[in-house]
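Enquirer: Before I ask anything, here is the structure I am working with.
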Amino acid sequence: MKNVETKITEAVKAIAEELYGQQVPEGMVQLQQTRPEFEGQITLVVFPFTKMSHKAPDATAREIGERLKEKMPEVISGWSVVKGFLNLSISSQSWISLLRDIYENPKFGFLPVRDDSPLVMIEYSSPNTNKPLHLGHVRNNLLGWALAQVMEANGNRVVKTNIVNDRGIHICKSMLAWLKWGNGETPDSSGKKGDHLIGDYYVAFDKHYREEVKELVEKQGMDEEQAKQEAPLIKEAHEMLVRWEQNDPEVRALWRKMNEWVYAGFDETYKALGVSFDKIYYESETYLEGKEKVEEGLAKGFFYRREDGSVWADLTGEGLDEKLLLRSDGTSVYMTQDIGTAKLRFQDFPIDKMIYVVGNEQNYHFQVLSILLDKLGFKWGKDLVHFSYGMVELPNGKMKSREGTVVDADDLIATMIKDAKELSADKVNKLEGITDEEAQEIARIVGLGALKYFILKVDARKNMLFNPEESIDFNGNTGPFIQYTYARIRSILRKWNSTIALSDTDAVKVELADKEISLIQKLQGFETAVRQAGQDYNPSCIANYCYELVKEYNQFYHDFSVLGEEDEAKRQVRLMLSAAVGQVVRNGMGLLGIEVPERM
Ligand code: ARG
């Protein structure tokens, strides 16, 4: 109702000037949404005008109301005064014209992105290459993707990025185990996804390593800490890392080969989740850049070197502690890598805002990183956003992997799709002429919709339990419930199978019911929900908005006929309303990375 609100504001100003002979200052006209227990939709706060009118609030309200109705009869269909508030009923025509605007604008609620729009870089996913993605990564990827869509819908240029931790002791452990016990196994020879294959060798390393430690403790009486360092396997892994750092061709070749397997596996998972990146960075390419940046900071006196040669940042002035940036042997730490990555990213893109989607166990790391980047002259460093999210777990005993620690992302996705298929078997089979492929595709959309919506509707900062059964329930605040409503709308429109057309002369004849008006208001609220989600970096706003909209549509659908309505103009309005709800639901769910099916 923005244009209606502007019109009313203008009219109220003119009326006050005409009645009281005074200029109305900016901000004096305050419009609110009318409280649901009163008639009307827009309320004027009258108190400020009593200073001009020298009359009681109610009398002032009445004279403004009367004049307003005279002045704009096509907009104001009625008014009433409640305790000094002027409640205005907006005409059906104005609501219908708003509905038409929404219906005719496929990008309703989205701000345009221009070449000079702010550039927001969003980093998410950021896995290590020694094991497959797990449930925590699923939450990360879904949040990162949704946040990217939300930021773009708010008129930002968005670059989605990923920093893959492809180097270090963890990947050497997998490599070593593969050399020792792998017998040349490959993803092809074993039929395993590459990331799972490497993950299995990481687990194998750990198993043998623990055995070695145990033996050193039990047979040689070593203390545990010492045994962990002295175990031949870990020594060998460290030697391998040194050879990697020295660019040993054999080690590098093996490292490249095994990482390629992992990337092929990750790509499959990303594809299944429906996420992608504009630019991927690798730690192996950024960690040396970090070293240079730290040397630079050292030269400028931001950092200091200790006697053993290690480099530190003293953040005690900022209320934090002292932070190691380079070890005494000159090797980098996690923080150094992040500084290097920041440098490369800023070389590649004119970043205005940087958002890191990383779990809340790294809150401190990003607090420190922000200060360091700021010191080093990154203009976006100080205000970097650590989009910090909580843990996600499954109810006890569900889908734990072999080691019993994490829930594998691929297994989870497959299970969701299978459950969707079983659950909807009755419904889907009833769909006329449905092919196996179509049924499978619907199961994929619904299974993933259930998973994504359940995770995204929750405030990201909170720890959560992912409950597969609850998530896939067709009733309640779930993805499938929303998807089902969408499919129902599509089915109505297919049955109509004709254009939706409402002439202005027909439109003026239609009197809307309260529920129809409130549904149009709800539709309009999409714009607010998208703005809010962008301001607060909060995709759950969109999820909850979609749920509210769909609930309200279902009530409307329950109370009114759409196709069965005999008055043609009314029928057209209801079709338009249904189509607009469908479109907003599809766009809203789209922001969350959730697809909607044509039928289900
Ligand atoms: N790879 C890291 C981990 O698994 C997360 C990286 C987060 N991003 C960053 N820029 N530090 O813990």
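Any read-out appearing in this document is the output of simple, stated calculations on the displayed coordinates, not a laboratory observation. Here the structure is a predicted model, which means the values were calculated and not measured. We place every Cβ from the backbone using ideal geometry, glycine too, and count neighbours over all the protein chains shown.
Enquirer: Between SER332, LEU31, GLY590, whose Cα lies farthest towards the positive end of the dipole of the chain when Lys and Arg beta carbons carry +1 and Asp and Glu beta carbons carry -1, centred on the Cα centre?
Expert: Final value for the positive-end residue is LEU31.
Enquirer: Taking H as built 1.01 Å from N, whose amide H comes closer than 5 Å to the amide H of PHE474, not counting residues under 5 places away?
Expert: none
Enquirer: On full extension of the chain, what length is gained from LYS509 through LYS235, given 0.36 nm per residue of separation minus the C-alpha to C-alpha distance?
Expert: Extra length available between LYS509 and LYS235 comes to 90.2 nm.
Enquirer: Then there's this: If you average 1/r over all unlike Cα pairs in the chain and invert the result, what Kirkwood radius do you get in angstrom?
Expert: 28.3
Enquirer: Can I ask one more? If neighbour count is taken as other Cβ atoms inside 10 Å, put ARG599, ARG494 in order from fewest to most.
Expert: Lowest to highest Cβ neighbour count: ARG494, ARG599.
Enquirer: For the residues PHE49, PHE108, PHE466, what sequence is obtained by ranking on other C-beta atoms within 10 Å, fewest first?
Expert: PHE108, PHE466, PHE49
Enquirer: Pull up the DSSP beta bridges for the chain and report the antiparallel fraction as a percent, rounded to 5.
Expert: Restricted to the chain, the bridges split so that about 50 percent are antiparallel.
Enquirer: Going by amide H atoms built from the backbone, whose H comes under 5 Å of the H on VAL159, apart from near neighbours?
Expert: For VAL159, the qualifying residues are VAL120, MET121, ILE122.
Enquirer: Label-point separation (nm) for ILE169 and ARG306, each offset 7 Å from Cα along Cα-to-Cβ?
Expert: So the label points at ILE169 and ARG306 sit 1.8 nm apart.
Enquirer: Residues of segment 576-594 with the amide nitrogen closer than 16 Å to a label point 7 Å from the Cα of ILE492, along Cα-to-Cβ, please.
Expert: Correct set: 576-586.
Enquirer: Sticking with this structure for a sec: Could you tell me the relative contact order of the chain? Use alpha-carbon pairs under 8 Å, at least six residues apart, and round to a whole percent.
Expert: 14
Enquirer: Something else now. Applying 1/(1 + (r/R0)^6) with R0 = 35 Å to the Cβ-Cβ distance of GLN521 and THR316, what FRET efficiency is obtained, to the nearest 0.05?
Expert: 0.05
Enquirer: Express in nm, to one decimal, how much length is gained between GLN23 and GLU10 on full extension, taking 0.36 nm for each residue of separation and deducting their alpha carbon distance.
Expert: Gain on stretching GLN23 to GLU10: 3.5 nm.
Enquirer: Of LEU344, VAL458, MET391, whose Cα points farthest to the positive end of the dipole of the chain (charges on the beta-carbon: +1 Lys, Arg; -1 Asp, Glu; origin at the Cα centre)?
Expert: The listed residue farthest towards the positive side: VAL458.
Enquirer: To continue, here is another question. Would you mind ranking TYR356, TYR557, TYR334, TYR486 by Cβ crowding within 10 Å, fewest neighbours first?
Expert: Ordered by Cβ neighbours within 10 Å, fewest first: TYR334, TYR557, TYR356, TYR486.
Enquirer: Explain nothing, just the number: dipole magnitude of segment 472-533 about its Cα centre with +1 on each Lys and Arg Cβ and -1 on each Asp and Glu Cβ, in debye rounded to the nearest 20.
Expert: 300
Enquirer: Please report the relative contact order for segment 466-544, taking Cα pairs under 8 Å with a sequence separation of at least 6, and give it as a percent rounded to a whole number.
Expert: 10
Enquirer: Another one. For segment 12-64, what does the relative contact order come out to in percent, with C-alpha contacts under 8 Å and a separation of six or more?
Expert: 29
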